[in-house]
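Engineer: A single structure is presented below for examination.
None of the figures in this text is laboratory data; all of them are computed from the coordinates on show. Quantities reported herein were computed from a predicted structural model and do not represent experimental measurements. In this analysis, Cβ positions are derived from the backbone assuming ideal geometry, glycine residues included, and neighbour counts consider all displayed protein chains.
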Amino acid sequence: MKQELIERLTRYAKIDTQSDPASNTCPSTEGQWTLANMLVEELKAIGMEEVTVDENGYVMATLPANTDKAVPTIGFLAHMDTATDFTGANVNPQIVESYDGGDILLNKDLHIILSPTDFPELSRYKGHTLITTDGTTLLGADNKAGIAEIMTAMEYLIKHPEIKHGKVRIAFTPDEEIGRGPHKFDVAAFGAKYAYTVDGGPLGELEYESFNAAQAKITFKGKNVHPGSAKGKMINSLKLAMEFHAHLPRNEAPEHTEGYEGFYHLLSCQGDVEQTTLHYIIRDFDRGKFAARKATIEEIAAKLQEKYGKERIHIEMSDQYYNMREKIEPVKEVVDIAYEAMTNLGIEPIIKPIRGGTDGSQLSYMGLPTPNIFTGGENFHGRYEYISVDNMAKAVNVIIEIVKLFEQKAATK
């Protein structure tokens, strides 16, 4: 199984599927089409049925039931795109057999080292087979590891018909990294009662809480006058933007928060004297605190509008997704079965909130309760990304065990 996982992940990783927020197409990049079409052929080759890819690049397939029990249809999903934070072109995965616990030289020419001094969690992986980058790109284990694990689990179930299971649906989606993963996902066509995204990090992660999320774009209009004669005339939009940002709570930012703490995050600032634009994301697990954060943005803007003129500050703010816990808790059995699957396999479940987004957040509000399970990866979105193949194999076993448990707990028709 480990060799299959290495082969699949390295093959998928070499395809540049980095998504593009500036694109209006779906998928947002051609590379995602390349991977989608590859996966369609692979799904057919391993024996999956009802294999489709729609006009928006969503790949779906079916593993038919082989039991007489009334088992609910369950699904497993992973996304094909990679993050926009760091280049995903020309990925060259490196295999580290039986990691010795020391420094890993990713790139000799550039002297890029993956070290347990900088990343202490590396020490947990002594003896494991690791897949790393070559130090010049991300790896793309987020989420191509999830694709490899789902594909390997389905192939195993096809080759072992003695394992009884209900109908299983799988999907590989585009553009998760730019927040659009479920936007054109056909929940009715997918036809599952419950699903799991295989998109988490280290061994044992089991997540069914996510942020409530919004984005805000604030534009400041200035008045540019020659600085030699600017007294009483110039209005510097950059300074308006700085004044706005100074009103936000300094410690309520990503670099100062953890656990269930929310934040305001300034993503970008573009401007000059005449016009400046600030882009923020706003996050909180609690719906009431989330609403209060958005109100704070509006109140600060209103104060500056009163001070400088309403025409000087313009806000565009919209919600992105909500805490999926609200939709998953009423059907907690979907989490409980994943928890039981892990414990059956000797894996300690780590239940914690996702300090970020997942397709499951939006899918849960679209009528498909979708918690998230681990892939085995670390340091996503950058040159120091790596994944344990040993833990990838454990993720495959968790998928198989979840499928088995749904069948075992179902009533006979």
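Engineer: In sequence order, what are the phi-derived ³J(HN,Hα) couplings for region 152-163 according to the Karplus relation 6.51 cos²θ - 1.76 cosθ + 1.60 with θ = phi - 60°, rounded to whole Hz, with x for glycine and proline?
Structural biologist: 5, 5, 5, 4, 4, 5, 5, 7, 10, x, 5, 7
Engineer: Between ASP109 and GLU316, what length comes free when the chain is fully extended (0.36 nm per residue of separation minus the Cα-Cα distance, one decimal in nm)?
Structural biologist: Fully extending the segment from ASP109 to GLU316 adds 69.9 nm.
Engineer: Just to be sure I understand the model, the point goes 7 Å from the Cα along the line to the Cβ. What's the resulting GLU306 to ASN92 distance in nm?
Structural biologist: Distance between the two pseudo-spin positions: 6.0 nm.
Engineer: Additional query: With unit charges on the beta carbon (Lys/Arg positive, Asp/Glu negative), name the residue among THR82, THR296, GLY31 whose Cα is farthest towards the positive pole of the charge dipole of the chain.
Structural biologist: Checking the options against the dipole of the chain, the answer is THR296.
Engineer: Quick check: the angle from helix 389-409's long axis to the longest principal axis of the chain, C-alpha only, nearest 10 degrees?
Structural biologist: Compared with the principal axis, the helix lies near 70 degrees.
Engineer: Can I ask one more? Sorted from largest down, give the three principal axis spans of the alpha carbons of region 278-410, whole angstrom values.
Structural biologist: On the principal axes, region 278-410 reaches 65, 39, 21 Å in Cα extent.
Engineer: While we're here: Using alpha carbons only, what's the Rg to Rh ratio of the chain with Rh from Kirkwood?
Structural biologist: 1.03
Engineer: Across bins of 5 angstrom width beginning at 0, how are the C-alpha pair distances of region 1-149 distributed, in whole percent?
Structural biologist: Percent of pairs per bin, in order: 2, 8, 15, 18, 17, 14, 10, 9, 5, 2, 1, 0.
Engineer: In whole percent, what relative contact order does region 1-100 give with Cα contacts below 8 Å and a gap of six or more residues?
Structural biologist: That works out to 34 percent.
Engineer: Hey, got a sec? Which trypsin sites (Lys or Arg not before Pro) in region 64-131 land in a DSSP loop and have at most 11 other Cβ atoms within 10 Å?
Structural biologist: The qualifying sites are LYS108.
Engineer: Using 7 Å Cα-to-Cβ label points, what is the LEU266/ILE158 separation (nm, one decimal)?
Structural biologist: Each label point lies 7 Å from its Cα, and together they span 5.2 nm.
Engineer: Kirkwood hydrodynamic radius (Cα pairs, Å) of region 184-313?
Structural biologist: So the Kirkwood estimate lands at 17.6 Å.
Engineer: Apply the a/c threshold of 1.5 to the C-alpha gyration tensor of region 347-402 and tell me whether it is rounded, prolate or oblate.
Structural biologist: Verdict is oblate for region 347-402.
Engineer: Under the definition of Cα pairs under 8 Å and six or more residues apart, what whole-number percent is the relative contact order of region 255-299?
Structural biologist: 32 percent
Engineer: Net charge near SER19: determine it from the other residues with C-beta under 9 Å of the C-beta of SER19, scoring Lys and Arg +1 and Asp and Glu -1.
Structural biologist: Surrounding charge for SER19 is -4.
Engineer: What three numbers, in Å, describe the spread of the alpha carbons of region 285-329 along their principal axes, ordered from the longest?
Structural biologist: 47, 16, 8
Engineer: Can you give the longest run of the chain that contains no GluC sites (Glu not before Pro) sitting in a DSSP loop with at most 13 other Cβ atoms inside 10 Å?
Structural biologist: 259-413
Engineer: Hey, got a sec? Which chymotrypsin sites (Phe, Trp or Tyr not before Pro) in region 255-312 land in a DSSP loop and have at most 16 other Cβ atoms within 10 Å?
Structural biologist: Those that pass, being in a loop and sparsely packed, are TYR260.
Engineer: Calculate the dipole size of region 118-186 relative to its Cα centre from +1 charges on Lys and Arg beta carbons and -1 charges on Asp and Glu beta carbons; express the result in debye to the nearest 20.
Structural biologist: Here region 118-186 has a charge dipole of around 380 debye.
Engineer: Hey, what angle do you get for helix 30-46 against the long axis of the chain, alpha-carbon based, 0 to 90 degrees rounded to 10?
Structural biologist: Taking the Cα atoms of the chain, the angle to 30-46 is about 10 degrees.
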